[in-house]
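A short worksheet on the structure shown next.
The numbers here are math on the coordinates, done by the rules we state, and not lab data. Quick caveat: nothing in here was measured; it's all calculated off a predicted structure. FYI the Cβ positions are ideal-geometry reconstructions off the backbone, even for glycines, and counts take in every protein chain you see.
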Amino acid sequence: MGLSDHIPTLIFALIVLAVCVFLLMGAYVVGPMARLKKGERIIIGIGGVGIGGVIVYAASELLLRVVF
């Protein structure tokens, strides 16, 4: 296993770490969802869907890289 085999794993780990930091900081900066207005909740929800999409994409790329 060369260095090129570890790059997708490293990228996936960095993406997951960045998402965790974003969610943790968002919880402290934004605060409880109950205090937010409806439009702000929608924006946070769309951001969550985007984060989920990035994680699914990164995981599928990593899986395809490992399998093929």
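For the reader, a short list of remarks on this structure follows.
- Degrees, to the nearest 10: 3-30 long Cα axis against longest axis of the chain: 10
- Sparsely packed loop sites in region 14-68 (the trypsin sites (Lys or Arg not before Pro) outside DSSP H, G, I, E and B with at most 11 other Cβ atoms within 10 Å) comprise 37.
- Ratio of the Cα radius of gyration of the chain to 2.2 N^0.38 Å, where N counts its residues: 1.44
- Linear extension gain, residue 55 paired with residue 24, 0.36 nm per residue minus alpha-carbon span: 9.5 nm
- Acute angle (nearest 10 degrees) that the helix 38-67 long axis makes with the longest principal axis of the chain, alpha-carbon atoms: 10
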